[in-house]
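Below you'll find the structure, written out as structure tokens, and then a few comments.
The values are calculated or read from the model by the stated rules, or taken from the named source; none is laboratory data. All values derive from a computational prediction rather than experimental measurement. Because the Cβ atoms are built from the backbone with ideal geometry, glycine has one as well, and the counts that use them run over all protein chains shown.
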Amino acid sequence: MDHYIFELIEHETKYPAKVFIASIDTSSFHWHYDYELMVVLKGSLIMKSVSEPYILNAGDVVLFNSKKVHSLRRTDQDNLCLFIQLPQELFIDNSNKKQSYSFYLNSASKTMIPKVKFSVFLQTAVKIAIRSKSKEVVDVFRIKALISTLVADLIEYTQYDIRQYPDNIDTEHNSDVLLQINEFIERNIESTNITQELCKYIGMSEKTLYRFLKNSTGFTAKDLIDSTRIEKSKVMLRQTNKSISFIEQECGFNSEMTFYRTFKKETGVTPNEYRENVIEIATNSEVQGYLNFDNNEADSLLKQYL
Amino acid sequence: MKCTKKYRLTYTERAKKLLDSLNLEEKIHLMSGEIGLKEMMDGLKQGVENHYNHVPYPAGGIKDKKLPPMLFCDGPRGVVCSTGKSTCFPVTMLRGATFDTDLEVRIGRAIGKEVRAYNGNLFAGVCINLPYNPGWGRSQETYGEESFHLGKMGSALVRGVQDENVIACIKHFAFNSMEISRFKVSVNCDKRTEREVFLPHFKDCIDAGAGSVMSSYNLYKGTHCGHHDYLLNKVLKDEWGFDGFVMSDFIWGVKDTVEAANGGQDMEMCCTEYFGDKLVKAVRDGLVSEEKIDKSALRIIRTLLAFSQADDKEYKDSVIGCKEHTNLALEAAEKGITLLQNKDNVLPLNRNKIIRITVLGKLAKKEVIGDHGSSQVRPKYIVTPLQGISNLSPKAEVTFYNGEDLEHAKDLARQADAVIFVVGYDHDDEGEFVSESSSDAYTTTIGGDRTHSLGLHQDEIDLIKAVGPENKNSVAVLIGGNMIMITEWKDYVSSIIMAYYAGMEGGTAIAKILFGDVNPSGKLPFVLPYKENDLPLVNWDTTQQIYDYYHGYTKLEKEGVEPLLPYGFGLSYTKYEINDATFATEDEKVVAKCTITNTGDMDGTEVVQMYVGFKNSKVNRPIKLLRGFERVELKAGEKKEVSISCPEKKLCWFNPENESWELEKMNYEMYIGTSSDNKDLLQGKITLG
């Protein structure tokens, strides 16, 4: 999985957050240590985290908690999103360093609604983004203040859980295991009984694997495998001329029917339709999944949200 | 205790000599507090370093006559002075639930030491007001609803505090058990109620040697208790032979110079408004005799001389909040927390099986040590329930959520091996009450009585009812100062523990009990009824209130109403059996004996209780009354003999016609067992007279 390594990041290191704007094609499930606030500035995209997928539209704001796995995918519209990544250190409660917050902030969800309007968070994020373009000293301090406001607003106005993990479980270790699982699935995607082979490789029973994945990602092994199959098939549809049936076999689907059904469910289109309508990715796009966008457009969009 | 009444009286001559050397103004100077009104008002905002009583408050004192001032420190859950130092013990009500007088003596000594280390010489933390209805906002500051128990526990605290040569001040005298109306309500009751229900515990503490009494704000039969000739002169000083001095409750405790001085008030606290010059003038105008002044001043001088000269020990600053005291606070919490229900032995939680815990309820994360009134203690640290649970289950994944969204709470409960609800009250809901006008106030919290309901907040009830059934291993931890109704939701959780306000180590104690590191042994010092209106009705905002003879468990028993949980009830993780009960009289005492066996697998402690019944009485008397108790430690399988005795005097009734105590010559029922419920008692009888 490459998506946890961000190359195309324009960020300042003077203040404790990474701020960037990106247009998403696909960002298969990944996680990071930072808390990530995302604002959809234009268009729409589909987000999947622990529970069911959400369609996010312009003006939606979502927070991805530290180490929470999530994936993003474009719809048929172009999109533009603002990301602010806040390191864990900002949220640590000194009285108990082992505990961490898990905030519920998702403007597309009807449950777990915060005590203030979502626009409060959106506005703070947009202000941060606008100032981040400046090189003035004063703006660095303004951004620091805005970041603190964002953290305080999260703690004061959103619903949250506080979680403490047991001493003997190394959450870093857990993340390594997760990576190993991901890599194994990718490498063995054409196999038709990946789950059993995976269990043998990773040394867990199916039940243990199920619990582990459910806890760390919210997904089942089948979800991950299907998702990886779809991603691989997309790449092949875009970049090769191979036949549908070849691709279907290469990606480990049981049959063409299964391929069609799963693909359409995941993307909304059939494999053929996808192939015909694919967007050309500029070859100098540094990170897979991110599209080029117009900086000026981004600037004027941001101002609109204020 | 060195400074007993007898010892203090040996100072009468010295005190008289000093008194004779004073002029009128100097004598009256002794009778007032020294804190400037503005200074106290300015300092009394929450969060300000100079909070209420941050240093001992002085009164009187004459340097060149070598008479020290009275140096006042408030309580009762610890010494109120300073910030980040004092030991914060569990509130008095939890300590009442321990039924452990030895422990209370030790707590008294620890507090006494800290008072000395602060250079104080008086501890005003022996609050023994009897809550007529458990909605009283300051219930946390008293031991429970039974006068006999109040007397025993209060006396123990007096002994402990005065062992360190600190004056113990008992309060608030008298009939002070309504908060919102405390400045304006006039309490009325009949003679028997006054003498048999609301005053005996004060006498017990006077007999134990208390050196000072604080009069209350409220009125009794139309007269302010700070001016009350009957209560202060006739009953307290004459009848009971009290040798110490009376001080008024602060600022609004004296409202009239002449009435207060003649009514037996010795010291106006905490600043001079009605005494001082006004009192000098009243004496000169012949409205108050100088003899009265001499009497008050003598009491003050004698008490202060006796205590201040009792030792010349130096108490180091390091004793304040020391490990020994914080351990004592933890010990008290462990002994008082009461197990009310434990279906299918869900508790204690097995650390090997319970590896995912969900904690729900905003109080879990709060520093629930009690109200923010004059009893607020500011310790160095406070362990919240969530911290306690997290600290004591390092192998578990602990998730906290405040419980607002019921669906989310249900999810978290389903995903866990156990769910713990922390619910109840905090300082915003109940506590010392501040008047609406902030210029009148000397504390900053809202508090007040529980005027709306004696049960949980509606959102907490909804939370328990929605989420409890989602997980069989469900526990409700109750936080609060007095009885909390559980009828509506008790069947939706397996286990319930009452944690009161458990002090600076409260979270640790709660967790130790949840996980079985400690076997709970607390007993309810109040009855828990099925319905709120099984208890006496009180109009919390009023100028007149009648206190009936019956309240609490005596009322339910007299009216044949079954309680949900009886007075004296408390479960444990083991089982006890009482056998071989015998009852006898000897040396003007009644004695109950029995054997008690720990028939379970876990070491534990049981509180054996003795009750006396009055069925054959010719007058209207309770069905039975608590007249003795003792904690008995038993290892698993161990058997011990218990003997509890009570002086016959304590079985008298007060005959209003000849104004005297009478012991009825009749058969009395005798009970010994583990709660006030007849099912938990072995019964017998004795004959007196």
Specify the residue that is modelled with the highest pLDDT; the eligible residues are those in the range A:29-76 that are hydrophobic (A, V, I, L, M, F, W, C) and not in a strand (DSSP E or B).
-> A:A58
Any chance A:I9 is modelled with pLDDT of 90 or more and farther than 16 Å from A:F121 by Cα = no
Quick one: B:K365 ticks every box in (1) more than 27 Å from the chain's Cα centre (by Cα); (2) within 12 Å of chain A (Cβ to nearest Cβ) bar one, so which box is it?
-> (1)
Across the range B:169-206, what is the number of residues that are farther than 22 Å from B:F654 by Cα and either touching a His at 6+ places or on another chain (Cβ under 8 Å) or among the charged types (D, E, K, R) (or both)?
-> 4
Number of the exception - B:R378 against (1) part of a helix (DSSP H, G or I); (2) of a type in the set (K, R); (3) at pLDDT below 95 = (1)
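From B:E669, B:E657, grab the single residue that is out of contact with any helix residue (DSSP H, G or I) (no Cβ under 8 Å at 6 or more places or on another chain), crowded, with 17+ Cβ neighbours inside 10 Å and more than 17 Å from B:D204 (Cβ to Cβ).
Working: B:E657 fails: crowded, with 17+ Cβ neighbours inside 10 Å.
Going through B:E669, B:E657 in turn, just one is out of contact with any helix residue (DSSP H, G or I) (no Cβ under 8 Å at 6 or more places or on another chain), crowded, with 17+ Cβ neighbours inside 10 Å and more than 17 Å from B:D204 (Cβ to Cβ): B:E669.
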Do you know which of the residues in the range B:387-400 that are assigned to a helix (DSSP H, G or I) and farther than 30 Å from B:N53 by Cβ is nearest to the other protein chains (Cβ to nearest Cβ)?
-> B:S390
Inspect the range B:213-228 for any residue being in a helix (DSSP H, G or I), assigned by TED's automatic domain parsing to the domain that holds B:A156 and surrounded by fewer than 23 Cβ atoms within 10 Å (Cβ to Cβ) and give the result as yes or no.
-> no
Of (1) assigned to a strand (DSSP E or B); (2) farther than 18 Å from B:L478 by Cβ; (3) away from chain A (no Cβ under 14 Å), B:L340 satisfies every one except (2)
Which of the following residues is more than 30 Å from B:T451 (Cα to Cα), modelled with pLDDT of 95 or more, within 12 Å of the chain's Cα centre (by Cα) and not charged (D, E, K, R): B:L157, B:L130?
-> B:L157
Looking only at the range A:152-174, and only at residues there that are surrounded by fewer than 17 Cβ atoms within 10 Å (Cβ to Cβ) and away from chain B (no Cβ under 14 Å), the one that is modelled with the lowest pLDDT | A:E172
Every pair of residues 6+ apart whose Cβ atoms lie under 8 Å, when the first sits in the range B:401-428 and is more than 13 Å from chain A (Cβ to nearest Cβ) and on the phi > 0 side of the Ramachandran plot while the second is in a helix (DSSP H, G or I) and surrounded by 18 or more Cβ atoms within 10 Å (Cβ to Cβ) | B:G424/B:L363; B:G424/B:E460
Return only the number of the condition from (1) within 16 Å of B:S474 (Cα to Cα); (2) within 12 Å of chain A (Cβ to nearest Cβ) that B:I382 does not satisfy.
-> (1)
Test set (1) small (G, A, S); (2) without any contact (Cβ under 8 Å) to a residue 60 or more places away in the chain; (3) more than 18 Å from A:D299 (Cα to Cα); (4) crowded, with 18+ Cβ neighbours inside 10 Å - A:S109 fails condition number | (4)
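Determine which member of the set B:K640, B:K685, B:K679 is out of contact with any Phe, Trp or Tyr (no Cβ under 9 Å at 6 or more places or on another chain) and closer than 30 Å to B:E562 by Cβ.
Working: B:K640 fails: closer than 30 Å to B:E562 by Cβ; B:K685 fails: out of contact with any Phe, Trp or Tyr (no Cβ under 9 Å at 6 or more places or on another chain).
That would be B:K679, the only listed residue that is out of contact with any Phe, Trp or Tyr (no Cβ under 9 Å at 6 or more places or on another chain) and closer than 30 Å to B:E562 by Cβ.
Please find, among B:G253, B:G209, the residue that is at pLDDT below 95, part of a loop (DSSP other than H, G, I, E, B) and either within 27 Å of B:C652 (Cα to Cα) or among the small types (G, A, S) (or both).
Working: B:G209 fails: at pLDDT below 95.
None of the others qualify; the one that does is B:G253.
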Considering each of A:T192, A:T149 in turn, give the residue that is more than 14 Å from chain B (Cβ to nearest Cβ), out of contact with any His (no Cβ under 7 Å at 6 or more places or on another chain) and not in a helix (DSSP H, G or I).
-> A:T192
